[in-house]
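Below: one structure, written as structure tokens.
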Amino acid sequence: MRKFTKALAVASVSASLVALLAGCSEEAQAVPDLPERMCWDVFTSEEVSPLLPSGKEAKFIADSHHAFYPDSSSLCSLQIDGAVRFQAGGHRFDFESDIDWTSWEKLEPESIDVGKEGILWYSGAASYIVCEPSKGPNSPGRYIELSLHAYDRPSKGAQATKNRRIFRTLLEQFVVFAQKELKCA
């Protein structure tokens, strides 16, 4: 009888641990709750969620709540369980030649027709718009670079292809928003 009681206790503890662990893993299988709209109200949580990993807590970094006004830069960063997993940003340049995407070349981006010029890769996209063209080599203009990033995304396969489609759509929305918000043609 004692052996049976001991075995029953071990089985009961084991079952409890399995249930606890299963409960934890089930909670972490979904993207945490997000606000309906995010990053200057440009994107919906439904649009961004497929780019995000599962986790327990989502939090926007403080700068993410400021108005979109990238005369220097504007950044919206979403953390999941303490790590940045999605970013949208705008940065102003005085000259078109100052926009440099060489750091993204290793990601094998493809050119896309979004904004004045755009690029797209498996974990992000970038474009720029012209708000005020430079009138000469010493006369600054107003060029706004827009970029999107999702971290730890697969670089190959069906998911990478799906992510590229999502990024393209999000970048198109971001360009339209920035042009309207900044009154750029």
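For each pair in K116/K183; K106/K156; K116/K162, compute the distance between the two Cα atoms and list the pairs where it is over 20 Å. The partial results should precede the final answer.
On the way: K116/K183 15 Å; K106/K156 14 Å; K116/K162 24 Å.
Where the Cα-Cα span goes over 20 Å, the pairs concerned are K116/K162.
Rolling a 1.4 angstrom probe over the protein chains, ignoring ligands and nucleic acids, what is the accessible area of T169 in square angstrom, nearest 10?
Accessible area of T169: about 70 Å².
Students often check this: by mean Cβ neighbours within 10 Å, which of 115-123, 51-59, 93-101 ranks highest, and how do the rest follow? Before the final figure, lay out each step's value.
Values: 115-123: 19.9, 51-59: 16.1, 93-101: 13.4.
Packing order, densest peptide first, comes out as 115-123, 51-59, 93-101.
About the Cα centre of the range 30-185, how large is the charge dipole given +1 on each Lys and Arg Cβ and -1 on each Asp and Glu Cβ? Please answer in debye to the nearest 20. Can you show the working numbers first?
Details: 17 positive and 23 negative charges, 54 e Å.
Here the range 30-185 has a charge dipole of around 260 debye.
Taking only C-alpha pairs under 8 Å that are 6+ residues apart, what is the relative contact order of the range 126-185 in percent? Mind showing how you got there, number by number?
Details: 57 pairs, mean separation 23.7, N = 60.
Worked out over the range 126-185, it gives 40 percent.
Hey, with R₀ at 35 Å, roughly what FRET efficiency would D94 and S54 work out to, going by the Cβ-Cβ distance, to 0.05?
Using R0 = 35 Å, I get an efficiency of 0.25.
Before I look further, what does the range 111-166 give for accessible area per residue, probe 1.4 Å, in whole square angstrom?
Numbers: 2670 Å² over 56 residues.
Solvent-accessible surface per residue comes out at 48 Å².
Determine the order of S49, S72 by accessible area, beginning with the largest, at a probe radius of 1.4 Å.
Details: S49 35, S72 75 Å².
The ordering from most to least exposed comes out as S72, S49.
The values are calculated or read from the model by the stated rules, or taken from the named source; none is laboratory data. The shown structure was predicted, so the numbers you read here are calculated from the model rather than taken from an experiment. Please note: Cβ atoms are built from the backbone with ideal geometry, for glycine as well, and neighbour counts cover all protein chains shown. When the accessible area is computed, the model is the full protein with side chains, heavy atoms only, and any ligands, DNA or RNA have been set aside. Shrake-Rupley method; radii C 1.70, N 1.55, O 1.52, S 1.80 Å.
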